[in-house]
Amino acid sequence: MKGTVLYGPGDIRFEDRETPKIIEPTDAVLRLAATCVCGSDLWPYRGLQPIDGPTPMGHEYCGFVEEVGSAVKSVKPGQFVVGSFATSDNTCAHCRYGYQSSCIHREFMLRAQAPFLRVPLADGTLVPTPGGMPSDGLVPSLLTCSDVLGTGWFAADAANVKPGGTVVVVGDGAVGLLGVLSAKQMGAERIIAISRHEARQKLAREFGATDIVAERGDEAVARIKDMTKGIGADSVLECVGTQESMMQAVGATRPGGYVGYVGVPHGVELNGEQLFFTHDHLHGGPAPVRRYLPKLIDLVLNGVINPGKVFDLTLPLDQVAEGYRAMDERRAIKTLLRP
């Protein structure tokens, strides 16, 4: 088969790779219905995160079970499944505590920007869709459950979003936008999205944002404080991973409020003394997507949410390089790839 490989900054190739096969008895091999480009893929694509030689890319996926190892019991060939970007046995102490993305047997998925994918720990990682095959129109929304929706949901959960609360979302990429959707589902009364991009502002409002702030950094913090009568937000979702975005999140949070941070940190440093006097709660990390998958799949299949709207560019998989370029140049929020 052919699959996506990153050779260096800006150098994405779709080239011959070995077709996946069962290696361990706990593996499954999927035929993907869809995959996509993640915002976190842009860090190495831009040369801001080092890679050790040619690197297969992709960690978001959904599709059909082609084959399973001899030890796999919970999924079977022919089923449509969604899996997390982090594998998990779903039985270890960390998994039982709800943090499957810290499973003691965890692997971070790679190689998903391809027609076929081997998934380790299939029983603990994959969730079949109930009721058989979903309609093709639901595939984009189900794909978001694999990472960006699950990550946005974790950001809201980690930020302790409560009914009637005031929420700020830092970041207008796919995760931030789905953080808005998640906060809305959790009952937030006021959701302030930070964005300068008209198309993203529009989608944020569709997903439930009540206010848009175009300022950045200290100016954004001042604007939010002004909008909240000097108090700040109960919950802030940090969905970028830069120093500016983290400080913006901390600054916008009321004393005793919560920051849910899910942007992969790049160069982020916090001053302990400064943080001490904020009274902020900080909780984040790689999202335990597997914890949320059953609920998110149910919300999608029942038409309660339509997170697939974050895909504003759809390409055949062999045009993956253009998908990266479009997101890098902010011509697209998120690129859906169809094998």
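Read-outs throughout are calculated quantities, based only on the coordinates presented, and are distinct from any laboratory measurement. Source: prediction; values computed, not measured. Ideal geometry is used to build each Cβ from the backbone, glycine not excepted, and the neighbour counts take in all protein chains shown.
Points worth noting:
- Under 16 Å from the Cα of LYS225 - aspartates and glutamates, other chains or at least 8 residues apart: ASP211, GLU215, ASP234, ASP280
- Convex hull of segment 150-284 built on C-alpha atoms - directionally averaged projected area, nm²: 6.8 nm²
- Relative contact order %, the chain, counting alpha carbon pairs below 8 Å whose residues are six or more apart: 18 percent
- Among the chymotrypsin sites (Phe, Trp or Tyr not before Pro) in segment 264-308, those located in a DSSP loop and surrounded by at most 13 other Cβ atoms within 10 Å of their own Cβ are PHE277.
- Annotation for segment 1-84: GluC sites (Glu not before Pro) lying in DSSP loop with at most 12 further Cβ atoms inside 10 Å of their Cβ are GLU18.
- The mean of 1/r over all distinct Cα pairs in segment 236-339, once inverted, gives the Kirkwood hydrodynamic radius of 16.5 Å.
- Rounded if a/c under 1.5, otherwise prolate or oblate - the chain, Cα gyration tensor axes: prolate
- For the chain, with +1 on Lys and Arg beta carbons and -1 on Asp and Glu, the positive-most of PRO50, PRO288, THR210 along the dipole: THR210
- Charge dipole magnitude, Cβ of K and R +1, D and E -1 - the chain, Cα centre, debye nearest 20: 660 debye
- 10 Å Cβ shell holding at most 11 others, DSSP loop, trypsin sites (Lys or Arg not before Pro): longest site-free stretch of the chain: 74-228
- Relative contact order for segment 150-284: 27 percent, from Cα pairs under 8 Å spaced at least 6 residues apart, divided by residue count.
- Scattering profile of segment 1-154 at q = 0.14, 0.20 Å⁻¹ [log10 I(q)/I(0), Debye over alpha-carbon scatterers]: -0.69, -1.34
- The loop-placed GluC sites (Glu not before Pro) in segment 248-339, going by DSSP, that have at most 15 neighbouring Cβ atoms within 10 Å of their Cβ come out as GLU269, GLU329.
- Look at CYS95, CYS38 and count the other Cβ atoms within 10 Å of each Cβ; fewest to most, that gives CYS95, CYS38.
- Of the cross-linked pairs LYS2/LYS73; LYS73/LYS309; LYS229/LYS334; LYS21/LYS309; LYS21/LYS73; LYS229/LYS309, those separated by over 25 Å at the C-alpha level are LYS2/LYS73; LYS73/LYS309; LYS229/LYS334; LYS21/LYS309; LYS229/LYS309.
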